[in-house]
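Shown next, in structure tokens, is the structure this report addresses.
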Amino acid sequence: MILPMLTVSNLAVQRGKKRLLENLNCELPKGSSLGVVGPNGVGKSSLLRVLAGLDNPASGDVAVKGTVAYLPQDVNLKSDLNVLEMVLLGRARYLKWYQQPNFLDRTEAEKWLQVMSLENLAKSSFITLSGGQKQLVLIAQALTSECDLLILDEPSSALDLQNQEKLFSILNELREKNALTIIFSTHDPNQAYQFCDQLTMLGFGHHQHGRCRDVMNSQSLKEIYKVNFEEIEWSNNDLKYFLHITNNVIDSLNR
């Protein structure tokens, strides 16, 4: 029996006086993944902060069996630290306030710099990096913590296509080999469909949750994003691709 890493019971999320989400229930087994999709302002970041234990729910419960690392959406940090020092911050949970990182801590940090192909930037100032490089450094920092549950808020928003593919390949390997449990938000439905076991789709005043391939379809995407999607299926396997069709394209096709 695979025990749940995360159990969410009758969860409600609120920002200020505005209720964003009501009655979310789910169990996320160890080594599985959950995607969160929805339009801007619907409450994706607020939900992730509650799941990470940073904010209290309006009501309901969140139970986590293990340690959590959380990467917020905003990577525009002002820091004089170099890249290696930034990644070493992920080891802080293992150090007492007076301790310095030791050889093993540095080895762990250097390992993740290499995995992210950032080793050549180890001594570079963090503040001089591009947005995508900063994002990769902070993901390396989170992984250096050796967490059980990794929560990422739009982790690929600043990444080019090659680094997006590399990131999700790394995360998939960690999920399969290390049983890392992963939650992330995204505006790319195909990322969620290809990577996630479960999916929470947030709309304004409503949500859907379930097995990703049961919940996501062109109609459910249209309901939350208010734009048109077309499903493209590969007949030889269970793969789909969701193509956003703009009104201009629809008009030109109908002429």
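Readers should treat all values here as calculations from the given coordinates under stated rules, not as data from a laboratory. Nothing here was measured: the structure is a model prediction, and the numbers come from that model. Using ideal geometry, Cβ is built from the backbone for each residue, glycine included, and neighbour counts are taken over all protein chains shown.
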For helix 161-178, report the angle its Cα long axis makes with the longest principal axis of the Cα atoms of the chain; keep it between 0 and 90° and round to the nearest 10°.
70
So what is the relative contact order of region 15-119, in percent, for Cα pairs below 8 Å that sit 6 or more residues apart?
16
Where does each of Y193, Y241 land when they are ranked from fewest to most other beta-carbon atoms within 10 angstrom?
Y241, Y193
Contour minus Cα-Cα distance for K222 and K166 (0.36 nm per residue)
17.3 nm
Sites I232 and E173 - FRET efficiency at Förster radius 25 Å, r taken between beta-carbons, to 0.05
0.40
Treating the angle as unsigned and between 0 and 90°, give the value, to the nearest 10°, between the Cα long axis of helix 131-144 and the longest Cα principal axis of the chain.
70
Please work out how much length the chain gains when fully extended from D61 to F103, using 0.36 nm per residue of separation minus the C-alpha to C-alpha distance, in nm with one decimal.
11.2 nm
Separation between the D188 and L239 pseudo-spin-labels, each 7 Å from Cα along Cα→Cβ, expressed in nm?
1.5
Rounded to the nearest Å, the spacing of the alpha-carbon centers of region 96-169 and region 1-57 is 24
Sparse-neighbour loop sites [trypsin sites (Lys or Arg not before Pro); region 1-46; at most 16 other C-beta within 10 Å; DSSP]:
K17
Among [x] 13.8; [y] 15.1; [z] 16.7, find the value of mean projected area of the Cα convex hull in nm² that was calculated from the structure presented, and write down its label.
[z]
What is the chain's relative contact order, in percent, from Cα pairs under 8 angstrom and six or more apart in sequence?
23
Output row, site Y94, 7 Å Cα→C-beta label point, backbone N cut-off 16 Å, window region 141-164, residues 141-149
So if each residue of separation counts as 0.36 nm, and I subtract the Cα-Cα distance between K17 and S130, what length gain in nm does that give?
37.1 nm
Relative contact order in percent for region 116-255 (Cα pairs under 8 Å, 6+ apart) equals 14
Neighbour-count order for T7, T67, fewest beta carbons within 10 angstrom listed first
T67, T7
Measure nothing but the geometry: give the 0 to 90° angle between the long axis through the Cα atoms of 103-115 and the longest principal axis through the Cα atoms of the chain, rounded to 10°.
40
Could you order peptides 150-160, 87-97 by the average number of other Cβ atoms within 10 Å of their residues, highest first?
150-160, 87-97
